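Worksheet: the structure to be examined is printed underneath.
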Amino acid sequence: MNRANLVAVLVFCASQIAFGSTKVGNGDDGVDLEALEKVNSGILIESRDKALAKIKSLNVGSIENLGQLTVSIEKSEIYLAKENVADKSASGIETSPDGKAVYARTFPEPLAATRFFPAALTLTEAQLITLHIHEGLHRSLPPAIRENENVVARITLAITSPDATYDRVKAAMADESISEPLSLSARNATKPPRPEIQYPSDVGYTFRRFGTKEDSKLVQLDSMHMLESNLHPFGGWAKALGLGIGLSYINEREESYMGPLLITARMKVATYRQFDISVWHEYSMFTLADDEFKNSPLARDLFTMGVRLHRNGPNYYVENLLSLSPESRAQETMGAVNYEHVYGTMVNAAVRFGGKYKGFQFGPMIELTVADGYRVESINFPQKTGRLRVLSGGLELSYTYDQLKFGLTGRTIIDSTKNLGFEYLGDVMGRGVGQGYVASSFSFAF
Amino acid sequence: MDKLICITLLMTLCGCGFDYGSKEDVPPKEVISAIDEAKLISTSIEDGRDPQSYWQRAYTISPESRLLVRYQKLKEKMSGIRDDKLVIFRIHLIDPNQVADARANMKICPVTKNWMMKATWKRAHPYKGGEWTPGGEVESAKCISSSSDLASTIDICKETGALCFDVHNWYHNYLLEQDLNYGMILISDMPIAIYGEISGSLGPRLHWFENKSPTK
């Protein structure tokens, strides 16, 4: 190999190294690879600037799916090939009518370079402006349509026609041939994690005021404060797994004391048809409660497990919840008399749904609880309720601002066996006592 | 004679000796048990869990305050209780000088509705159906006043300030015949203070007799 050929090969190799990362062609296999010269001035730059001015004057950047067009044209580097290429199979704005000359090519990626061929220099300024816009659309439109030559050409003409206006361009984008592929693409696209998955953990405070009937003498709890911390560091963004802790402070008529400690474990296990499926376990313990509360009919350690189906739409939410709590007992001593309070196995089914609007969320909830019943036993005093059924309902209102959430909840018994109250379920942290409650809460998600 | 001695020895060795006396001849054992379930119900106490209404050193019995009493394990003891003997309920007055007034104004009555330690003047218990006649549901016809005769025959009734009630009819009618242990209620037409269940030996007591096992 003589010295001249060696230099040519070296130059070619160097050019490949230098331009190896340059995106060339519209997905072709590089058949038309040519030596390229970066263009920094001249008719190609001037026409690009006028193309930019054109689309800015029409304010197309504010039209849906055209927001990246300006950046795509402005930031795309321009190269000029040394020789023309022909592509008889191609047609459209980028190619001469007889297919003998390709004017320009680019890759369908936002900031890919544009490669012009010498044949483009024979075009008028208006044609070059059209070409810049056309190539820019190939790079900036959504993937579903940016390689569809007919669609891109239609949009190009809408922008570059002499009577082009903002409304005409917007109308062209709304055409069925464009909007339908976009919406189909949107439905089929893999959605990014929704906000609640982006913030799987939260800390919050809840205050509940119970409502009791005047003739209800079983318990006399007035209100409850609750602090909760639910941390989900495991399982990744799609399946958050974590533990929660809740502390409670209970107000009785004239006394206040520590209530049960709540330990929870939750995990989102799957998402099907946009429904999140979660499982959870909850353990309410009276270990830390004050002695006065330990010695009460409500002081039972309660274990609950459940499954939750939840769908969070753009302007609605719906949730089904099913849970099971096995039988457990509480001991109460008065003087030398010991009473054992037995709460039967409890099955709970709830439905929540509602609408969402600008951060607000509002809707009803309804819940049916069926329990094996409650009984109290001592040596001489047996008392039992038999199988219990409690139907309750309420309203929930919340407002979410970024990671903060404020809520108001009201809940009441609609119907129950023998008109008994929530205290016969022995679930202070869950359903509370009496005929229902009103609660306010706020939480911070992260 | 030798034969007689031999037979006697043999019978003694096999436990077939002469009968030195039947069970009826063995004096019965006195059993005194502390009342362990006592609840004060009063027109001024609405909360059944009021700590002033149970487990106290003293109670004042008056027209507005009554004391429910029950011995929890009485049913378990029934098999040993001699039903041909007295069953006595005994209290001690704070002021021994009120014994005469107590005999004239105080009585003990069978309770006819089951109650629990959360009983109040208006309710036997806080659950559904717990309402009762204000002051407790009693069988008024079977109310008993204290008998001065007991003070001369029963040792525990001889103590200063002691007041005894013969309740063996209540035991028969309720425990033996109906297997019901609803306890009794102490009622007074004038304020009289008595020792409560945590006053040691001065607290309310139930006294009965059981068969003593003969010694061999």
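The values are calculated or read from the model by the stated rules, or taken from the named source; none is laboratory data. This is a predicted model, so every value here is computed, not measured. Cβ: placed from backbone, ideal geometry, glycine included. Neighbour counts: every protein chain shown. The protein model used for the area step is the full one, side chains on, heavy atoms only, and it has no ligands, DNA or RNA in it. Shrake-Rupley method; radii C 1.70, N 1.55, O 1.52, S 1.80 Å.
Descriptive notes on the structure:
- Paramagnetic reach from B:ARG103 in the range B:130-170 [backbone N under 15 Å; point 7 Å along Cα→Cβ]: B:145-154, B:157-166
- By a 1.4 Å probe calculation restricted to protein chains, A:LEU227 has an accessible surface near 100 Å², given to the nearest 10.
- Shielded by partner chains, the range A:324-345 residues - at least 20 Å² of accessible area, 1.4 Å probe, vs chain alone: A:GLU332, A:MET334, A:GLY335, A:ALA336, A:VAL337, A:TYR339
- Accessible surface area normalised per residue over the range A:367-446 is 44 Å², counting heavy atoms of protein chains with a 1.4 Å rolling probe.
- Computed packing ranks the peptides B:95-102, A:302-309, A:101-108 as A:101-108, A:302-309, B:95-102, most packed first, by mean other Cβ atoms within 10 Å.
- Dipole of the range B:59-216 computed with +1 at Lys/Arg Cβ and -1 at Asp/Glu Cβ about the Cα centre; of B:ILE154, B:SER201, B:ALA104, farthest Cα towards the positive end is B:SER201.
- For the range A:419-425, 3J(HN,Hα) computed residue by residue from phi via the Karplus equation (6.51, -1.76, 1.60; θ = phi - 60°) reads 6, 7, x, 4, 4, 6, 8 Hz, glycine and proline entered as x.
- Residues with amide H under 5 Å from that of A:ASP222, placed H, sequence gap 5 or more: A:ASN251, A:GLU252, A:ARG253
- Restraint check, B:LYS39/B:LYS122; B:LYS107/B:LYS158; A:LYS384/B:LYS118; B:LYS75/B:LYS142; B:LYS75/B:LYS122, Cα-Cα greater than 22 Å: B:LYS75/B:LYS122
- When the accessible areas of B alone and A alone are added and the area of the pair subtracted, with a 1.4 Å probe, the result is around 2000 Å², both sides summed.
- Amide H within-cut-off set for A:LEU123, under 5 Å, with H built and near neighbours excluded: none
- Of the peptides B:109-119, A:73-83, the ranking by mean beta-carbon count within 10 Å, highest at the top, reads B:109-119, A:73-83.
- The range A:281-356, accessible surface, carbon-and-sulfur percent (1.4 angstrom probe): 58 percent
- In sequence order, the range B:36-53 has phi-based couplings of 10, 9, 10, 9, 8, 10, 8, 5, 9, 10, 9, 8, x, 9, 4, x, 6, 9 Hz under the Karplus curve 6.51 cos²θ - 1.76 cosθ + 1.60, θ = phi - 60°, and Gly or Pro positions carry x.
- Between the range A:82-155 and the range B:173-198, the alpha-carbon center distance in angstrom: 106 Å
- Shape category assigned to the range B:67-119 from the gyration tensor of Cα positions, a/c cut at 1.5: oblate
- Between helix B:2-13 and chain B: long-axis angle, C-alpha atoms, 0 to 90°, nearest 10: 30 degrees
- Residues whose placed amide H lies under 5 Å from that of B:VAL138, excluding near-sequence neighbours: B:THR112
- A simple count of charges around A:THR417, restricted to other residues whose Cβ falls under 13 Å of its Cβ and scoring Lys, Arg +1 and Asp, Glu -1, yields +3.
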